[in-house]
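Read-outs throughout are calculated quantities, based only on the coordinates presented, and are distinct from any laboratory measurement. Remember, it's a predicted structure, so these values are computed and weren't measured experimentally. Please note: Cβ atoms are built from the backbone with ideal geometry, for glycine as well, and neighbour counts cover all protein chains shown.
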Amino acid sequence: MRLPNAAYTGRPWRIHDIAGGFELEDVWAIRTPGAGREDFPAVLAAMRDFGGAPLPLRFLFAVRWKLGVLFGWDRASAGIGLRVPSLCDRLPADLRRSPRSAGAGLAPFSPVYTLDDECALELANHTVHAVMHLAWAPASGGGHELRMAVLVRPNGLLGRFYMAAITPFRRLFVLPAFTRHLERAWRDRGAGVVHSAVGTGDIPPSARAATSLPVIDYADHFSLATDVEATAEQWARAMFGDVPSAAERFIWRGLLGLRLARGRSPATVAGWRITARGGDWIRLEAASWFLTGNLVVRAAEGRVSLTTLLRHDRRVGHVAWPPLSAIHRRLVPGVLRGAVARMARDGVR
């Protein structure tokens with residue numbers, strides 16, 4: 001629910017002394033029924049663990065990142081510490097000692113500080129320097145609720161035009177869907193926690209052994225406990241379908257240029273070729289003119305996992321993938337949970 005600006009300006013939060021020069025765009029309330037005064041860290045933990053994103057957000061984020069690639073909005077030179085200094089440079093001594101890593105895990109935002117009742121995250125690109133402020137406040141009906149404020153500093157006329165253009169979409173679609181997503185994260189906390197690891201040195205040896213890539217430039221691994229007994233191929237089809245959805249086609253073909261097979265086939269999953277399999281795993285493979293990707297799905301020891309491994313075949317891969325990888329890591333937990341839900345719906349036990 002959108003709130004008046006006074007719900008942000010009228011509270012004595014530390015961000016007021018740090019984000020001078022930023023303009024307040026929105027204030028939203030996220031309902032957290034049953035939460036008490038001390039539960040702000042628990043809410044942040046639920047947000048980190050829940051991951052994923054609803055379909056409207058996936059599509060809008062994909063469109064935004066495609067525009068960023070086309071117009072160069074998200075180049076590293078436009079980010080925090082290069083085009084603009086980080087808000088971390090403005091922190092007083094006590095906030096500099098706060099645990100930045102304890103933020104809400106809302107990639108591609110980077111944590112600035114975290115306290116017992118508020119935290120701040122930031123993002124910069126060629127259009128804006130943006131701050132997401134999350135804070136804990138008494139709810140009108142009793143208990144406590146999460147307040148989310150969006151603050152921006154536009155980068156010249158381009159930034160102001162960009163903010164004006166996206167405001168209707170942000171207020172009508174993006175933030176309402178995002179607040180509902182965060183409310184669900186609190187309701188479903190503790191259920192279906194997805195564990196993750198990012199980095200070529202942190203993925204399990206079993207996943208590394210299953211890849212066809214002699215050189216791995218990017219790798220991540222996500223797993224979820226489940227009592228559903230199914231083959232790795234069944235899990236892969238539950239995750240991605242026999243043919244790619246419209247959103248998957250946009251991301252895989254449109255953004256990454258992957259050459260996907262058309263139509264349904266026993267040899268493909270959502271257009272990705274099945275290139276190898278073992279007793280409890282299956283490998284899917286696809287390539288574009290600038291990268292080659294493997295998806296390794298494994299079902300063993302009461303867990304289902306998805307490992308993504310990429311090799312950059314052209315220099316553009318090193319530029320195009322990093323901003324998309326942050327969105328990818330936000331979506332994968334939802335992919336795993338969605339697969340479990342589909343298995344349950346289809347009666348697989």
Flagged in region 106-123 as in contact with a Leu (Cβ under 7 Å, 6 or more places away or on another chain), not aromatic (Phe, Trp, Tyr) and not in a strand (DSSP E or B), in numbering order, are 106, 108
Selection from region 285-324 of residues of a type in the set (Lys, Arg) and assigned to a helix (DSSP H, G or I) yields 315
Here the residues within region 327-345 that are in contact (Cβ under 8 Å) with a residue 24 or more places away in the chain and more than 14 Å from the chain's Cα centre (by Cα) are 337, 338, 339, 340, 342, 343, 344
When residue 198 is run through (1) under 20 Å from the mean Cα position of the chain (by Cα); (2) surrounded by 16 or more Cβ atoms within 10 Å (Cβ to Cβ); (3) in contact (Cβ under 8 Å) with a residue 24 or more places away in the chain, the failure sits at (2)
